[in-house]
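J.: Take a look at the following structure, please.
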2 protein chains.
Amino acid sequence: MRPGQAKSMSGSILPPERGPSIKPAEMWDEKDRHHRQDAKTLIEYAYKRLKIGIIRGHLAPGSKLKIERLRKEYGVASSTLREALSLLVADSLVTAEGQQGFRVVQMSIEDFREICSLRKMMETLALRESIANGDEDWEAGVVGAFHKLNLIDFKRLNSSEALVDAYNERNHAFHEALVAACRSSWVRRFRSVLYDNARRYRHLSVAKGGIRPGIQAEHRAIMEAALARDADLACRLSEEHIDLTLHRLAQFPAEEIAAGFPGLPRRGIAAPTSAAARPRARAAKRS
Amino acid sequence: MRPGQAKSMSGSILPPERGPSIKPAEMWDEKDRHHRQDAKTLIEYAYKRLKIGIIRGHLAPGSKLKIERLRKEYGVASSTLREALSLLVADSLVTAEGQQGFRVVQMSIEDFREICSLRKMMETLALRESIANGDEDWEAGVVGAFHKLNLIDFKRLNSSEALVDAYNERNHAFHEALVAACRSSWVRRFRSVLYDNARRYRHLSVAKGGIRPGIQAEHRAIMEAALARDADLACRLSEEHIDLTLHRLAQFPAEEIAAGFPGLPRRGIAAPTSAAARPRARAAKRS
DNA sequence: TGTCAACAAAATATCGACAATTTGGTACTA
DNA sequence: TAGTACCAAATTGTCGATATTTTGTTGACA
């Protein structure tokens with residue numbers, strides 16, 4: 001089914017009578033419409049929207065993802081949402097346990113440390129292969145992505161929310177372009193999963209302390225090394241690039257990281273409950 | 001919903017009137033019943049059954065996983081099956097593309113080569129950490145798992161199907177026990193995904209050429225090195241262990257690997273179609 | 001006062017039906 | 001002989017309703 005282009009849907013993509021029960025999403029509207037047109041299926045739409053919500057921290061780490069609530073907010077059926085959530089398990093952004101529904105995966109500095117450690121491996125593997133294989137189109141892609149990233153006015157960056165979003169997108173695109181010529185599908189997959197997870201932490205880091213100054217110089221150095229086909233240098237710089245984010249975030253107290261994003265709105269999602277910790281006296285009545 | 005223990009299901013776990021339309025699964029019955037009791041939910045049941053089916057090659061690599069057919073065979077609703085399939089995407093055993101449904105991921109010697117390469121990394125990372133952290137319980141687990149594996153009569157192995165299954169299970173359990181003390185969740189996750197994928201190839205290798213003689217000596221050597229806390233040696237042996245499987249499979253012609261398991265029954269699943277290759281003249285009518 | 005059982009409310013998992021799209025085939029046109 | 005438009009069948013994606021389980025609360029009883 002086509003969500004955006006569908007001519008006459010039976011159900012209700014935009015239920016006319018739903019109106020006031022759910023307040024219209026504030027800063028999401030623009031992007032949602034965009035995504036709804038991109039997505040080939042409603043599942044994909046829900047998937048992308050959820051993913052962004054988690055990465056940006058609107059869906060707090062550890063919080064329960066209640067089907068009914070999200071279903072209403074996104075305007076899709078429960079099974080559709082459920083499937084989108086199942087797909088997110090592949091990205092290690094959501095966990096699904098037995099009869100307890102879905103949950104955003106927790107955040108912690110130890111987790112991030114591990115992510116960075118593995119990310120250095122995968123990123124350098126991918127980069128090395130990309131540098132070895134990359135043709136002229138690859139070079140063009142890298143240069144282009146860097147240029148777009150560079151166009152952003154870094155001085156005004158901390159003032160505008162939208163600008164930060166744009167920066168994040170272009171930053172992502174740049175790093176993606178660097179490894180675009182890597183053909184190993186497994187390396188790419190793992191790298192991608194790790195990157196998305198790291199994004200969550202970076203988002204938090206930016207929300208707390210702004211964008212690290214001089215980051216563009218790092219990007220430039222990595223790009224130049226890559227274009228010069230100096231794999232060793234490019235990898236070393238990439239590793240430092242990753243480490244700097246880690247050290248930056250490690251400055252913040254651990255509980256603040258686990259708590260997620262304090263300033264951002266928690267759009268209708270329950271806070272993480274300590275359900276697992278509470279022992280239940282009543283034994284589950286299983287025959 | 002509880003599948004196994006449910007007292008009075010509304011639907012039809014075992015639809016009484018379904019009878020002859022779908023032939024009763026031959027060698028699956030035993031295991032299915034087993035799994036149905038294990039699983040906390042029907043989704044989990046379908047998930048496990050699909051996973052085993054893919055690993056064993058009953059669901060051929062590249063083949064389309066048609067909802068309706070599987071749904072009837074497993075006796076679950078379409079959304080349930082769908083969700084199970086979505087979960088399998090996390091394991092990189094199934095792909096889901098846009099409006100084209102689900103598909104078993106392809107097999108190839110290049111893919112296996114890459115899996116082995118990454119597996120050596122992850123396996124040694126996990127093993128090193130496990131050796132460093134492992135306590136007495138860990139040692140006991142390793143010794144126990146090895147013992148169970150060793151109990152299998154390796155001489156009669158190639159004669160009995162059931163015995164091979166048991167061997168595979170215990171082999172899995174042994175390798176799992178070795179890394180049980182590794183605490184890095186990401187390493188464990190990746191290792192596990194890679195292991196399951198490698199299992200598919202190993203299954204094929206065994207189906208074609210039987211179990212490699214002397215494998216038990218390798219297992220013993222790895223175990224002894226691990227218990228002696230000689231991480232370097234244990235890792236080196238593990239890498240060799242992985243490489244041997246790779247070299248074994250590399251002997252077979254490439255097309256045989258891509259084709260999957262020739263001898264095994266293809267339980268009602270369509271062969272891989274070359275849909276992607278066929279160009280469609282008619283443009284998709286999108287407004 | 002604290003444990004346990006029964007009950008009510010909330011949330012999850014499951015189902016089957018239906019809508020929309022892809023697939024495969026056939027006939028029409030150049 | 002392509003190429004293309006058009007239909008029928010097969011298949012996928014979506015929906016909303018219902019069964020089942022988990023969670024929370026209240027009240028009896030030791």
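The values are calculated or read from the model by the stated rules, or taken from the named source; none is laboratory data. What you see is a predicted model; the values in this text were computed from it and never measured. Ideal geometry is used to build each Cβ from the backbone, glycine not excepted, and the neighbour counts take in all protein chains shown.
J.: Which condition from (1) of a type in the set (Gly, Ala, Ser); (2) buried (at least 19 other Cβ atoms within 10 Å of the Cβ); (3) within 11 Å of chain A (Cβ to nearest Cβ) is the one that B:Gly57 breaks?
T.: Every condition holds for B:Gly57 apart from (3).
J.: Tell me, please, whether a residue that is under 20 Å from the mean Cα position of the chain (by Cα) and either at the interface with chain B (Cβ under 9 Å from one of its Cβ atoms) or over 28 Å from B:Arg191 (Cα atoms) (or both) can be found in region A:130-143.
T.: If we filter region A:130-143 for residues that are under 20 Å from the mean Cα position of the chain (by Cα), which is where we start, we get none.
Among the residues of region A:130-143, not one is under 20 Å from the mean Cα position of the chain (by Cα) and either at the interface with chain B (Cβ under 9 Å from one of its Cβ atoms) or over 28 Å from B:Arg191 (Cα atoms) (or both), which makes the answer no.
J.: Kindly check whether there is at least one residue in region B:95-105 that is of a type in the set (Ser, Thr, Tyr) and touching a residue at least 40 places away in the same chain (Cβ under 8 Å). Steps first, please.
T.: Just the residues of region B:95-105 that are of a type in the set (Ser, Thr, Tyr), to begin with: B:95.
From what's left, touching a residue at least 40 places away in the same chain (Cβ under 8 Å): none.
Within region B:95-105 (the criterion being of a type in the set (Ser, Thr, Tyr) and touching a residue at least 40 places away in the same chain (Cβ under 8 Å)), the answer is no, since none of the residues qualifies.
J.: Can B:Arg220 be described as modelled with pLDDT of 95 or more and in a helix (DSSP H, G or I)? Spell out how you get there, then give the answer.
T.: Values: modelled with pLDDT of 95 or more: yes; in a helix (DSSP H, G or I): yes.
Yes; evaluated as a whole, the condition is true for this residue.
J.: So which residues in region B:40-64 are within 14 Å of DNA strand C (Cβ to nearest atom) and basic (Lys, Arg), if there are any at all?
T.: Result: B:Lys40, B:Lys48, B:Arg49, B:Lys64.
J.: A further question follows. Restricting to region A:70-102, and then to whatever is within 14 Å of DNA strand D (Cβ to nearest atom) and farther than 21 Å from B:Tyr45 by Cα, can you tell me which residue is farthest from the other protein chains (Cβ to nearest Cβ)?
T.: A:Glu73
J.: Go through the residues of region A:219-231 one by one and say whether even a single one is in the same structural domain as A:Arg119 (by TED's automatic domain parsing), touching an Asp or Glu at 6+ places or on another chain (Cβ under 7 Å) and at negative phi.
T.: Taking every residue of region A:219-231 in turn, at least one turns out to be in the same structural domain as A:Arg119 (by TED's automatic domain parsing), touching an Asp or Glu at 6+ places or on another chain (Cβ under 7 Å) and at negative phi.
J.: Within region A:30-44, identify whether any single residue is outside any helix (DSSP H, G or I), more than 9 Å from DNA strand D (Cβ to nearest atom) and either surrounded by 17 or more Cβ atoms within 10 Å (Cβ to Cβ) or modelled with pLDDT under 50 (or both), and answer yes or no. Spell out the reasoning first.
T.: Here is the first cut: in region A:30-44, the ones outside any helix (DSSP H, G or I) are A:39-41.
Right, trim to more than 9 Å from DNA strand D (Cβ to nearest atom) and you get none.
No: zero hits.
J.: Out of all the residues in region B:172-184, is one or more out of contact with any Ser or Thr (no Cβ under 8 Å at 6 or more places or on another chain), within 14 Å of chain A (Cβ to nearest Cβ) and under 28 Å from B:Tyr47 (Cα atoms)?
T.: Pass one, region B:172-184, residues out of contact with any Ser or Thr (no Cβ under 8 Å at 6 or more places or on another chain): B:172-177, B:183-184.
Okay, now just the ones that are also within 14 Å of chain A (Cβ to nearest Cβ), so B:183-184.
Subsequent filtering for residues that are under 28 Å from B:Tyr47 (Cα atoms) retains B:183-184.
Yes, region B:172-184 contains at least one residue that is out of contact with any Ser or Thr (no Cβ under 8 Å at 6 or more places or on another chain), within 14 Å of chain A (Cβ to nearest Cβ) and under 28 Å from B:Tyr47 (Cα atoms).
J.: Being of a type outside the set (S, T, N, Q) and assigned to a loop (DSSP other than H, G, I, E, B) is the filter; apply it to region B:81-106 and report the residue that is surrounded by the most Cβ atoms within 10 Å (Cβ to Cβ). I'd like the intermediate steps shown before the answer.
T.: The initial filter retains those residues of region B:81-106 that are of a type outside the set (S, T, N, Q), namely B:81-85, B:87-91, B:93-94, B:96-98, B:101-105.
Retained after the next criterion (residues that are assigned to a loop (DSSP other than H, G, I, E, B)): B:90-91, B:93, B:97-98, B:101, B:105.
Numbers: B:Ala90: 21, B:Asp91: 19, B:Leu93: 23, B:Glu97: 10, B:Gly98: 10, B:Gly101: 14, B:Val105: 18.
Among them, the one singled out is B:Leu93.
J.: Applying the selection to region B:65-80, what residues are buried (at least 19 other Cβ atoms within 10 Å of the Cβ) and either assigned to a strand (DSSP E or B) or near DNA strand C (Cβ under 10 Å from one of its atoms) (or both)?
T.: Matches in region B:65-80: B:Leu65, B:Tyr74, B:Gly75, B:Val76, B:Thr80.
J.: Looking at region B:237-248, can you tell me whether even one residue there is exposed (fewer than 15 other Cβ atoms within 10 Å of the Cβ), under 21 Å from the mean Cα position of the chain (by Cα) and part of a loop (DSSP other than H, G, I, E, B)?
T.: no
J.: Got at least one residue in region A:191-208 being surrounded by 15 or more Cβ atoms within 10 Å (Cβ to Cβ), β-branched (Val, Ile, Thr) and either outside the structural domain of A:Arg248 (by TED's automatic domain parsing) or touching a Leu at 6+ places or on another chain (Cβ under 8 Å) (or both)? Talk me through it step by step, then tell me what you get.
T.: The initial filter retains those residues of region A:191-208 that are surrounded by 15 or more Cβ atoms within 10 Å (Cβ to Cβ), namely A:191-208.
Then drop every residue that is not β-branched (Val, Ile, Thr), which leaves A:193, A:206.
The next check asks that each one be either outside the structural domain of A:Arg248 (by TED's automatic domain parsing) or touching a Leu at 6+ places or on another chain (Cβ under 8 Å) (or both); those that pass are none.
Scanning region A:191-208, I find no residue that is surrounded by 15 or more Cβ atoms within 10 Å (Cβ to Cβ), β-branched (Val, Ile, Thr) and either outside the structural domain of A:Arg248 (by TED's automatic domain parsing) or touching a Leu at 6+ places or on another chain (Cβ under 8 Å) (or both), so the answer is no.
J.: Using the structure shown, decide if B:Tyr195 is under 27 Å from A:Ala90 (Cα atoms), of a type in the set (Phe, Trp, Tyr) and assigned to a helix (DSSP H, G or I).
T.: Details: under 27 Å from A:Ala90 (Cα atoms): yes; of a type in the set (Phe, Trp, Tyr): yes; assigned to a helix (DSSP H, G or I): yes.
When the stated conditions are applied, B:Tyr195 passes them.
J.: Please count how many residues of region A:107-128 are away from every other protein chain (no Cβ under 11 Å) and either charged (D, E, K, R) or in contact with a His (Cβ under 6 Å, 6 or more places away or on another chain) (or both). Walk me through it before giving the result.
T.: Of region A:107-128, the ones away from every other protein chain (no Cβ under 11 Å) are A:107, A:109, A:120, A:123-124, A:126-128.
Okay, now just the ones that are also either charged (D, E, K, R) or in contact with a His (Cβ under 6 Å, 6 or more places away or on another chain) (or both), so A:120, A:123, A:128.
Result for region A:107-128: 3.
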